[in-house]
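Structure, as structure tokens:
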Amino acid sequence: MGSRDTLGQSAAPPLDRLSFHEVDRGRWRDLARLFDAPGGPKYCWCMAWRPLQDRSRPAGSQRRRAALQRRVRAGVPVGILAYIEGEPIAWCSVAPRETFRPLGGPDSPDGSVWSVVCFFVPRRLRRGGLMGRLLRAAIETARRHGATVLEAYPVNPDSPSYRFMGFVPLFRAAGFKPVGRAGSRRQVMRLTLG
């Protein structure tokens, strides 16, 4: 990934130089480059919680990639990328809740609930505050689209699974409140967007 030259192999990202952009047709190649990089989520293509058209066939990596790309081409929101100096360095999946399979949150009478379901921060850039910045950008993205609630499904920091969904303390610090549980590990938390 080109940002290694700019940021250094183990350098923390200079958070004051971050920019965030929604993934659309023009940014698909950036998303693909980030996901295909060593350590990237090319195995799932952030489709774990999104429905596939034909569930009778195995959902391999190429099929998931094509399904996510179809959504992007159709103008369906899928998430945001964090950039430094034009290089995509991290990802957050934030989109209308109805574009996902059931996640465990309470019913809502309209489509104004958005969900944060995934973060990808390369290992070399972790523990520097980037996930918190991604979450703040996700909140603003949902608000800009008219969402009244942003829902998340984080786990405790010692959870052996679902860590890609974020951790409870991060969401609590951003003002999210617990509203239930989804399974044995995931909490359902909500932020009202006024």
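Computed from the coordinates by the stated procedures, all read-outs in this text should not be read as laboratory data. Since the structure is predicted, the reported quantities are computational estimates derived from the model, not experimental observations. Don't worry about glycine lacking a Cβ; one is built from the backbone with ideal geometry, like all the others, and counts go over all protein chains shown.
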Tell me, what is the percent relative contact order of the chain, built from C-alpha pairs under 8 Å that lie six or more residues apart? 19
Would you compute, for the Cα atoms of the stretch 153-194, the largest minus smallest coordinate along each principal axis and list the three values in descending order, in whole Å? 34, 17, 12
Under 5 Å between amide hydrogens, which residues at least 5 positions from residue 179 or on another chain qualify, with H placed 1.01 Å from N in the peptide plane? 188, 189, 190
Principal axis box of the stretch 25-137, alpha-carbon based, largest edge first, Å: 39, 31, 24
Using unit Cβ charges (K, R positive; D, E negative) and no other charged atoms, how large, in debye to the nearest 20, is the dipole of the chain about its Cα centre? 500
Euclidean distance between Cα centres, the stretch 103-180 to the stretch 16-37, Å: 19
Whole-Å semi-axes of the chain's equivalent ellipsoid, largest first, each the root of 5 times a Cα gyration tensor eigenvalue? 24, 21, 17
Run lengths n ≥ 4 of DSSP H only: what is the helix-derived mean residue ellipticity at 222 nm for the chain, with -39500 (n - 2.57) per run over all residues, to the nearest 500? -7000 deg cm²/dmol
Show me, bin by bin at 10 Å from 0, the whole-percent P(r) of the stretch 90-194 based on Cα pairs. 15, 53, 28, 3, 0
Looking at the chain, which longest stretch skips every one of the trypsin sites (Lys or Arg not before Pro) that is in a DSSP loop with at most 10 other Cβ atoms within 10 Å, leaving the sites themselves out? 56-126
Looking at the stretch 51-178, send over the antiparallel percent of its DSSP beta bridges, to the nearest 5. 70
